[in-house]
Amino acid sequence: VDESHQISRIKNILNNMKTQDHFALFGLTKHAKAPEIKKTYYDYAKIFHPDKLPTTASQELVDLTRQVFSQFTKAYEILSDEHRKAEYIKEREKGHAEKILQAEAILEEGKGLLKSNQYVKAKQKFEQAMVLRPPTTAAQ
């Protein structure tokens, strides 16, 4: 595999990491137990540890790999500690609830605009609400 392909792949992984919580990062649910979290982390470490790169790897590839590994390590440190994991879950759920409330408020604004025949503005509000709270499969 040529290095430019590896760099592109690592950049994509880093970009995807920005939108994933720690559980999604590991492909686990919030009910995952310590042994499963540890195994997953070690599996990723075997792939993404910077020491696994050839000594001829470019600095860019080394830096990108370190960033990916750092993200996995950060997630592991939180998920492997039961107290920190519980706090993380609590914060995620709180943030999710706030997004739902915010989306509902924007949706109500959109309804008001729709009633006053301001269709373009109403559509914009509905789209904002959908970004905050995408429709579920059942609602589509």
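The values are calculated or read from the model by the stated rules, or taken from the named source; none is laboratory data. Note that the coordinates shown come from a computational prediction; the quantities given were computed from them, not determined experimentally. Here the Cβ is made from the backbone with ideal geometry for all residues, glycine too, and neighbour counts use every protein chain on show. Heavy atoms of the whole protein, side chains included, go into the accessibility calculation; ligands, DNA and RNA do not. Shrake-Rupley method; radii C 1.70, N 1.55, O 1.52, S 1.80 Å.
A few points about this structure:
- Full extension of the chain between V131 and D2 yields a length gain of 42.7 nm, computed as 0.36 nm times the residue separation minus the alpha carbon distance.
- Radius 12 Å from Cβ of L114, net charge of other residues (Lys, Arg +1; Asp, Glu -1): +3
- When only the Cβ of Lys, Arg, Asp and Glu is charged (+1, +1, -1, -1), the dipole of the stretch 1-56 relative to its Cα centre reaches about 220 debye.
- As a ratio to 2.2 N^0.38 Å, the alpha-carbon radius of gyration computed for the stretch 1-68 takes the value 1.22.
- On the beta carbon distance between K111 and D21, with R0 = 35 Å, the FRET formula returns roughly 0.70.
- The trypsin sites (Lys or Arg not before Pro) found in the stretch 28-89 that occupy coil by DSSP, while having at most 11 further C-beta atoms within 10 Å, are K33.
- Per residue, in Å², the accessible surface of the chain once ligands and nucleic acids are set aside, probe 1.4 Å: 71
- A quarter of the convex hull surface defined by the alpha-carbon atoms of the stretch 24-106 gives 7.1 nm² as the mean projection.
- Contact order, relative form, for the chain: 20 percent (alpha carbon pairs under 8 Å, 6 or more residues apart, mean separation divided by residue count).
- Net charge dipole size for the stretch 25-140 [Lys, Arg +1 and Asp, Glu -1 on Cβ; Debye, nearest 20]: 320
- Charge-dipole axis of the chain as Lys and Arg at +1 and Asp and Glu at -1 on Cβ define it, positive-most pick from Q128, S58, G110: G110
- Measuring nothing but protein heavy atoms, the accessible surface of the chain at 1.4 Å probe radius is 54 percent carbon and sulfur.
- Amide H contacts under 5 Å for D81, placed H, 5+ residues apart: none
- For the chain, diffusion coefficient by Stokes-Einstein and Kirkwood Rh (Cα), 4 °C, 1.567 mPa s, µm²/s: 72
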